[in-house]
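Enquirer: So that we are looking at the same thing, I have put the structure below in structure tokens.
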Amino acid sequence: MFPKLLQLGPLTIPTQGAFIALGLMLALLLAVRTARLLSLDPDRIWNLAFLAIFSFILGGRVVLIATHWRDYAAYPAALLTVSIHSPAVLIGGAAIALAACAVSLRMHPLPALRTLDALTPPLILGYAFSCLGAFAAGADYGTPTNLPWAVTFHSRYALMWNGTPQDIPLHPVQLYQAAFEFALCGFLLWLLKKHPREGRITGTWLFLGGISHFLFELVRGNRGTELFDPTQLAALLMIVLGGILYLDRKRSPAPVT
């Protein structure tokens, strides 16, 4: 594919980084729309979404630099192409993002479940674009396959930055995931207009997203050899939490705008 979008002298702009940036901008714009649908202050939701995104990216990169500083000193552009399935990104980023959002909500309270419902579709949209970027970069590649829609990577940058197998037909699992995330985002936006109970949007995402992550991980080429790798264990937790939120009938419907 095309891991490098642009080369300006010594400066390399990775395609994956560009897709992630585009996805984040569109996600922030969508957050304003979902906030209005749920009668929340769009400015506060924008600020919270930006804080969550920025702290997640920063936290993941801080952990990566601390644990692989020699590699990133030699290839600094790799910081923009790192796998979104990296444990360092998920654990470090999520921990710092949760802490930052908790502090923000403590200082400026918002309805917790309704706020999560407003942020869920933008989160999915941003993730869908990151999957497209991963496909362009050869990151999070799939397992070998003989299916007619298999993809083959030839870029030495994909090999150097992501360890992508070369000249081997692979499942385009990144495209599978992106197509699912775009469809799920559209479905949740449609559901949001029906004014479901608070927490149902988030519960639906956790449940369906957990199933998709579990299944797509089966055809991801860089997964571990254990029966259930950490991503699949997290997906099972998502399914359980999503079912609890979806089935809880004690909450009131979202306000009508």
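Enquirer: Once amide H atoms are built 1.01 Å from N in the peptide plane, which residues 5 or more positions from Arg197, or in another chain, come under 5 Å H to H?
Expert: Ala254
Enquirer: Compute the Cα gyration tensor for segment 102-221, then decide on rounded, prolate or oblate, letting a ≥ b ≥ c be the square roots of its eigenvalues: rounded whenever a/c is under 1.5, prolate when a/b is larger than b/c in the other cases, and oblate in all that remain.
Expert: prolate
Enquirer: Note down the accessible area of Trp46, probe 1.4 Å, to the nearest 10 Å².
Expert: Answer for Trp46: close to 90 Å² accessible.
Enquirer: Highest mean first, what order results for 166-172, 98-104, 47-53 on Cβ atoms within 10 Å?
Expert: Per-residue mean Cβ counts within 10 Å order the peptides as 47-53, 166-172, 98-104.
Enquirer: Counting only the heavy atoms of the protein chains, how much of Phe54 is accessible to a 1.4 Å probe, in Å² to the nearest 10?
Expert: In the full protein context, Phe54 sits at about 110 Å².
Enquirer: Around Arg220, which amide H atoms from residues at least 5 apart in sequence, or from another chain, sit under 5 Å from its own amide H, with H modelled in the peptide plane?
Expert: Correct list: Thr143.
Enquirer: Going from most exposed to least, what order do His154, His195, His108 have by accessible area with a 1.4 Å probe?
Expert: His154, His108, His195
The values are calculated or read from the model by the stated rules, or taken from the named source; none is laboratory data. Remember, it's a predicted structure, so these values are computed and weren't measured experimentally. Note: ideal-geometry Cβ built from the backbone for every residue, glycine included; neighbour counts use all protein chains shown. Quick note on the areas: whole protein, heavy atoms, side chains included, nothing else; ligands and nucleic acids left out. Shrake-Rupley method; radii C 1.70, N 1.55, O 1.52, S 1.80 Å.
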